[in-house]
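Contents: one structure, followed by commentary.
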Amino acid sequence: MTLGEFISLSRRDLRGGLRRVGRFSAGAAFYIRAAVRLAVAVLAGRFVIPLIFKLAARNLFHDRLRLAATITGIVFSMVLVTVQMGLFVSFRTMVTTMIDHAPADLWIMPLGTKCFEDPALLDERERFRALSVPGVVEAAPVLVSFAQWHIPSGGTTPVLLIGSDRNELGLQPWNIVAGDLYDLAIPDAVAVDRSYFERLGTSGLSDTVEIRDLRAKIRLVTQGIRSFTTTPYVFTPLDRARSYAGISPNKATYLLVRLQAGANAESVRTHLNETLAKAEALTPDAFRSRSRSFWLFGTGAGAALFAGALLGMIVGVVIVAQTLYASTKEFSNEFATLRAIGSSSRYIYTVIIIQALLSAAIGFGIAAAIGKVIVKATADSALPVLIPGGLMAGLFLLTVAMCVLSAIAAIVHIMRTDPAVVFTR
Amino acid sequence: MSDPVVEASDVVKFLGHGAARVQALRGVSLSLSGGELVLLMGPSGSGKTTLLSVLGCMLSPNMGSVRVCGRSTAGLAPEQLTQLRRDHIGFVFQSYHLFATLTAMDNVRLTLDVRGDFSRRVIDRAKEALATVGLSHKTRSYPLELSSGEQQRVAIARAIIGDAAAILADEPTAALDGENGHAVMSILAGIARQGTRGVLVVTHDPRILPFADRIIHIEDGRIVRKAGNGGLPAKP
């Protein structure tokens, strides 16, 4: 195939696809308009409720056992999808938590940095290079490094040190539940999250511990600053972090850049990238995107979550399709009668689609309730399941789409039924 | 009697495929006019049901033509045939084919519902149709709460509510005892006597011969005899 033929075919496919989308949209608009008009007329008492709803509901509720199987299938499927997508959202949020809480206009990092937790180091000379670029007001160093935390009862556990000085550009702990941010200025002071007390072998505020054989005292406690890697974050001033990590005083992992008011971030970033030797500058959005890309897709974690969600959807489609098909087959005499007395194909589709939608609504309602319980139950875990409103709405639409898709087999079966069979049954 | 409501001319219909293909109708012609009740009789396998399906626009003839209320069915798409059936033909089936989960009222109303008529007057029309078949007191009953004769009367009410010009009934008395069969045929004959509708009844049941204006005998896919009701007892 030549390139010209390929382009021509692609255009034809695109036109065909757009036509189909147009037809689908027109069909959906027709149904929505008709439904709204009908609802208004029924509420005004001018119309009676169409039997189509009664037929669908009675077909669905006629066999309670099958209904239970259908709903169970939808619930299992949607809980699985909800958990996977909730984990995905949570993961996506957690991998950028530190970036979200840093008040930087630009981030400077060692070339090739893949994510926030990447512990490569910059030389302090890069800071001076950055400060020489017009538009840069400040470039505050931040150290991110692993260190060994000595558990008082014995043994060690790795922690991720966040070393930053307390200033306008500092990466400071938030959600403080005990102590004060000023307390971090006290010698040996560190901040930890209370969800890691057990892991760190501490009972909380004022406990004295050791990090890399150096004394540290918990002066600040936070809540909910958790890492999906399960390695606890420990906040401390920059110099102390360097000591705990055994890193020389002229090194840092990041430079948080504050720009002059009115400076164009993109042009400053370009200028910085031309000026820096072994570092690069990124906007916070670009750094978020890079971190997400690495953790979600570079490690395969996101793909695994999506695969789980997809599997859940497939299971749901198969179960709902099977039960809808069986229900439709059981009522095939009634559908044939409907056809014999002159009901249009659209009328029959609608009966089956309403059955599917009712199943979706019931199944989703239960799945959403279970989802809420899971959200509460995992709230304090390393990777809590998050179901924001948008995700919930998306999952509802997905359930509806899944159930409507499942109705196709039933619709095909019924449209192949010859109405003349009513004379032979 | 008025103009034909259903007409068939030289209708040929094959059923099945390949070695199983059979010629069910071999050049059948008949007409049904408003105001008459016609019986279609014949042995099993003679083509009665196939003819009823063709006249009811459920099957299309391979050859010949069918006209419903003056409109030819030739070349019509399935949805157009469905519409023709919806607008002009009412069916009464041997095994009633009522919806077990709907009340008598809703079963009757269904004919208008599939036409998209959701106005409040459908309730009055359903009540009227049920009154015509003597079931005013059973509007809220479900089919399983009705006797066989009552179920068939609900099916007749469903067939007439839409003002169909032709009522096609397939063995409407086959599952009924003599008394109920008589009652059902009386209702169908009454509908025909109103003058606007024609009623075609496929039957094996000799008890209902007195209700016929005409009797058509079919054998092996051919009409072998057409007769008036001369010599038969007077219509009740």
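The values are calculated or read from the model by the stated rules, or taken from the named source; none is laboratory data. Computed from a predicted model, the values in this text were never measured in an experiment. As a convention, Cβ positions derive from the backbone with ideal geometry for all residues, glycine included, and neighbour counts pool all protein chains shown.
The combined condition, being surrounded by 23 or more Cβ atoms within 10 Å (Cβ to Cβ), of a type in the set (Ser, Thr, Tyr) and at pLDDT below 95, is fulfilled by B:Thr82.
Look at B:Val199 and say whether it is in contact (Cβ under 8 Å) with a residue 40 or more places away in the chain and crowded, with 24+ Cβ neighbours inside 10 Å.
Details: in contact (Cβ under 8 Å) with a residue 40 or more places away in the chain: yes; crowded, with 24+ Cβ neighbours inside 10 Å: yes.
Here the answer is yes, as B:Val199 does meet what is asked.
From the list B:Glu179, B:Glu150, the one residue that fits, being part of a helix (DSSP H, G or I) and either surrounded by fewer than 15 Cβ atoms within 10 Å (Cβ to Cβ) or of a type in the set (Val, Ile, Thr) (or both), is B:Glu179.
For the range A:253-294, which residues satisfy the criterion of being of a type in the set (Val, Ile, Thr) and part of a helix (DSSP H, G or I)? Can you show your working first?
Going through the range A:253-294, the residues of a type in the set (Val, Ile, Thr) turn out to be A:253, A:257, A:268, A:270, A:275, A:283.
A:Val268, A:Thr270, A:Thr275 - these are the residues of the range A:253-294 that are of a type in the set (Val, Ile, Thr) and part of a helix (DSSP H, G or I).
The set of residues in the range A:163-193 being at pLDDT 90 or above and of a type in the set (D, E, K, R) consists of A:Asp193 alone.
Residue-wise test of (1) within 12 Å of chain B (Cβ to nearest Cβ); (2) closer than 30 Å to A:Phe91 by Cβ; (3) among the small types (Gly, Ala, Ser).
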{"site": "A:Ala336", "(1), (2), (3)": "yes, no, yes"}
{"site": "A:Arg346", "(1), (2), (3)": "yes, no, no"}
{"site": "A:Leu391", "(1), (2), (3)": "no, yes, no"}
{"site": "A:Phe423", "(1), (2), (3)": "yes, no, no"}
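Out of curiosity, is A:Val385 in contact (Cβ under 8 Å) with a residue 40 or more places away in the chain and more than 14 Å from every other protein chain (Cβ to nearest Cβ)? In short, yes.
Identify all residues within the range B:162-174 that are touching a residue at least 40 places away in the same chain (Cβ under 8 Å) and either buried (at least 18 other Cβ atoms within 10 Å of the Cβ) or under 19 Å from B:Leu135 (Cα atoms) (or both); write none if there are none. Quick ask: steps written out before the conclusion?
At the first step, the residues of the range B:162-174 found to be touching a residue at least 40 places away in the same chain (Cβ under 8 Å) are B:162, B:164-172, B:174.
Hits for the range B:162-174 are B:Gly162, B:Ala164, B:Ala165, B:Ala166, B:Ile167, B:Leu168, B:Ala169, B:Asp170, B:Glu171, B:Pro172.
Considering only residues that are β-branched (Val, Ile, Thr) and under 26 Å from B:Leu200 (Cβ atoms), look in the range B:99-121 and name the one that is nearest to the other protein chains (Cβ to nearest Cβ). Reasoning before the result, please.
Step one: filter the range B:99-121 for residues β-branched (Val, Ile, Thr), giving B:101, B:103, B:108, B:111, B:114.
Of the ones still in play, those that are also under 26 Å from B:Leu200 (Cβ atoms) are B:108, B:111, B:114.
Numbers: B:Val108: 11, B:Thr111: 6, B:Val114: 4 Å.
The extreme case among them is B:Val114.
Here A:Asp100 passes the criteria (1) surrounded by fewer than 20 Cβ atoms within 10 Å (Cβ to Cβ); (2) assigned by TED's automatic domain parsing to the domain that holds A:Phe396 except the one numbered (2).
Looking for whichever is out of contact with any Ser or Thr (no Cβ under 7 Å at 6 or more places or on another chain) and either away from chain A (no Cβ under 13 Å) or aliphatic (A, V, I, L, M) (or both) here; the options are B:Val133, B:Val184. Which one fits? Reasoning before the result, please.
Values: B:Val184 fails: out of contact with any Ser or Thr (no Cβ under 7 Å at 6 or more places or on another chain).
When all the criteria are applied, what remains is B:Val133.
Right, A:Ala261: modelled with pLDDT under 90 and within 14 Å of the chain's Cα centre (by Cα) or not?
No: the conditions fail for A:Ala261.
Give the residues of the range A:411-421 that are in a loop (DSSP other than H, G, I, E, B), surrounded by 13 or more Cβ atoms within 10 Å (Cβ to Cβ) and more than 9 Å from chain B (Cβ to nearest Cβ), sorted by residue number. Steps first, answer last, please.
Of the range A:411-421, the ones in a loop (DSSP other than H, G, I, E, B) are A:416-418.
Add one more test, that the residue is surrounded by 13 or more Cβ atoms within 10 Å (Cβ to Cβ), and what stays is A:417-418.
Once the filter is applied, which keeps residues that are in a loop (DSSP other than H, G, I, E, B), surrounded by 13 or more Cβ atoms within 10 Å (Cβ to Cβ) and more than 9 Å from chain B (Cβ to nearest Cβ), the range A:411-421 yields only A:Thr417.
Checked against (1) more than 14 Å from chain B (Cβ to nearest Cβ); (2) modelled with pLDDT of 65 or more, A:Leu60 passes all but condition (1). If you filter the range A:117-137 down to residues that are under 37 Å from the mean Cα position of the chain (by Cα) and of a type in the set (D, E, K, R), you find that the one that is farthest from A:Arg290 (Cα to Cα) is A:Glu124. B:Ile167 satisfies every condition listed in (1) in a strand (DSSP E or B); (2) within 22 Å of A:Ala340 (Cα to Cα); (3) more than 13 Å from chain A (Cβ to nearest Cβ) except (3).
Take the residues of the range A:307-334 that are of a type in the set (D, E, K, R) and within 14 Å of chain B (Cβ to nearest Cβ): which is farthest from A:Thr72 (Cα to Cα)? My answer is A:Glu334. Scanning the range B:53-82 for residues that are of a type in the set (Ser, Thr, Tyr), within 14 Å of another protein chain (Cβ to nearest Cβ) and without any contact (Cβ under 8 Å) to a residue 12 or more places away in the chain gives a single hit, B:Ser53.
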